Amino acid sequence: MNIKISEAVREAKIMIEPVAQEEALQQAKIFVATIAGIDVGALSIHADMILLDEQLSDLGDMVKRRLTGEPVQYILGEWEFYGLPFYVDERVLIPRQDTELLVETAIQMIRERGYHTCLDLCTGSGCVGISIAKNSEVQMTASDISKDAIDLATENAERNEAIVTFLESDLFQGIGGKFDLIVCNPPYLTLDDMQSLQPELKFEPKLALYGGGDGLDYYRKIAWEYKRHLNENGTLLLEIGNTQASTAAALFDAKTSVLKDLCGNTRVLVVEG
Ligand code: GLN
């Protein structure tokens with residue numbers, strides 16, 4: 001078969017349109033660029049390049065997986081977050097751009113407040129802790145209840161040459177000692193959210209998404225315990241859902257403030273220690 005890159009993009013787009021909708025063209029480009037081994041940005045320069053049968057067969061496999069609703073990130077097996085590459089698969093939540101606010105805020109606080117130690121609770125793929133560690137001098141510890149997540153996060157730290165100590169722990173249960181900064185993107189979807197999940201989210205671990213009926217279970221547990229693990233003048237930074245700012249803040253007996261992401265949604269709760 002003599003199929004050119006431009007034709008492959010067009011065909012893949014048409015095929016994945018029922019699930020990918022308005023993102024079909026972009027996702028088709030990502031798939032074709034991946035199987036052709038070139039950057040998405042270079043596709044048009046290579047528009048007339050003929051693809052090998054082997055490459056077309058890999059493209060067919062990707063399209064088939066996408067048609068089941070599987071997210072692009074799991075199909076590729078990696079995704080970028082905060083400008084760094086991370087392996088991702090069904091063991092962990094896919095890194096979201098929204099979460100970059102948590103990372104930016106942490107890096108800024110480490111600089112401004114001279115923090116030396118940081119704990120990333122519920123680290124998942126490791127994207128938050130690793131991005132902070134790569135962009136500061138902080139000593140990073142990261143934990144997760146899931147051994148599978150810790151295994152993948154460890155690979156991600158190696159891939160990014162970041163120095164992070166990983167611990168398997170249910171929130172603070174296995175954590176000793178105190179930190180200057182604690183960051184956490186806990187599961188916070190509500191029961192209603194879980195019942196109306198987009199098809200892609202059904203591929204992600206429920207453990208990493210579901211925060212109990214009102215989505216606040218993990219904030220309650222953290223509010224109960226965090227003071228024992230925070231140094232004096234330390235800070236706790238929590239990602240929150242866009243309707244949870246006041247209910248989450250009310251759980252903390254401390255000075256709190258809320259930061260908005262680029263879409264104008266409340267996204268980070270700052271709890272002063
Ligand atoms: N922000 C994610 C979403 O809306 C949820 C992540 C989480 O529960 N921490 O899909």
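Taking the charge dipole of the chain about its Cα centre, with +1 at Lys and Arg Cβ atoms and -1 at Asp and Glu Cβ atoms, the residue from Cys122, Ala24, Phe179 reaching farthest to the positive side is Phe179.
Here the gap between Lys227 and Ser6, fully extended at 0.36 nm per residue and compared with their Cα-Cα distance, gives a gain of 73.9 nm.
A cut-off of 5 Å between modelled amide H atoms, ignoring neighbours fewer than 5 places along the same chain, links Glu78 with Val88.
Using θ = phi - 60° in the Karplus curve 6.51 cos²θ - 1.76 cosθ + 1.60, the 3J(HN,Hα) couplings for the range 213-223 round to x, 9, x, 9, 3, 6, 5, 4, 5, 5, 4 Hz; x is entered for Gly and Pro. Residues in the range 94-248 average 46 Å² of solvent-accessible surface per residue, probe 1.4 Å, ligands and nucleic acids excluded. Evaluating 6.51 cos²θ - 1.76 cosθ + 1.60 at θ = phi - 60° for every residue in the range 4-11, the Karplus couplings come out as 7, 3, 4, 5, 4, 4, 4, 5 Hz, glycine and proline recorded as x.
Working from label points 7 Å from Cα in the Cα-to-Cβ sense, the Thr68 to Leu167 distance is 3.7 nm. Using amide H atoms built in the peptide plane, which far-off residues or other-chain residues are under 5 Å from Gly241 H to H? Hits under the 5 Å cutoff: none.
Per residue, the convex hull around the alpha carbon atoms of the range 95-143 comes to 61 Å³. Classify the range 18-72 as rounded, prolate or oblate from the Cα gyration tensor: take a ≥ b ≥ c as the square roots of its eigenvalues, call it rounded if a/c is under 1.5, otherwise prolate when a/b beats b/c and oblate if not. In terms of gyration-tensor shape, oblate. Residue by residue, the range 94-107 carries 3J(HN,Hα) couplings of 6, x, 9, 4, 3, 6, 5, 4, 4, 5, 4, 5, 4, 4 Hz when phi is fed to the Karplus relation 6.51 cos²θ - 1.76 cosθ + 1.60 (θ = phi - 60°); x denotes Gly or Pro. Computed from label points 7 Å out along Cα-Cβ, the spacing between Asp89 and Ile14 is 3.4 nm.
Modelled spin labels at Glu23 and Asp193, positioned 7 Å past Cα toward Cβ, are 1.7 nm from each other. Mean projection of the Cα convex hull over all viewing directions, computed for the chain: 14.9 nm².
Suppose we flag GluC sites (Glu not before Pro) only when DSSP calls them loop and at most 11 other Cβ atoms lie within 10 Å. Which is the longest uninterrupted stretch of the chain?
Within the chain, the longest run free of exposed GluC sites (Glu not before Pro) spans 1-136.
Full extension of the chain between Gln97 and His46 gives 15.4 nm of extra length, using 0.36 nm per residue less the Cα-Cα distance.
Ignoring ligands, DNA and RNA, what percent of the 1.4 Å accessible area of the chain is carbon and sulfur?
Roughly 49 percent of what the probe reaches on the chain is carbon or sulfur.
The values are calculated or read from the model by the stated rules, or taken from the named source; none is laboratory data. In this text, all values refer to a predicted model and were calculated from it rather than measured experimentally. Note that each Cβ is placed from the backbone with ideal geometry, even for glycine, and that neighbours are counted across all protein chains shown. Quick note on the areas: whole protein, heavy atoms, side chains included, nothing else; ligands and nucleic acids left out. Shrake-Rupley method; radii C 1.70, N 1.55, O 1.52, S 1.80 Å.
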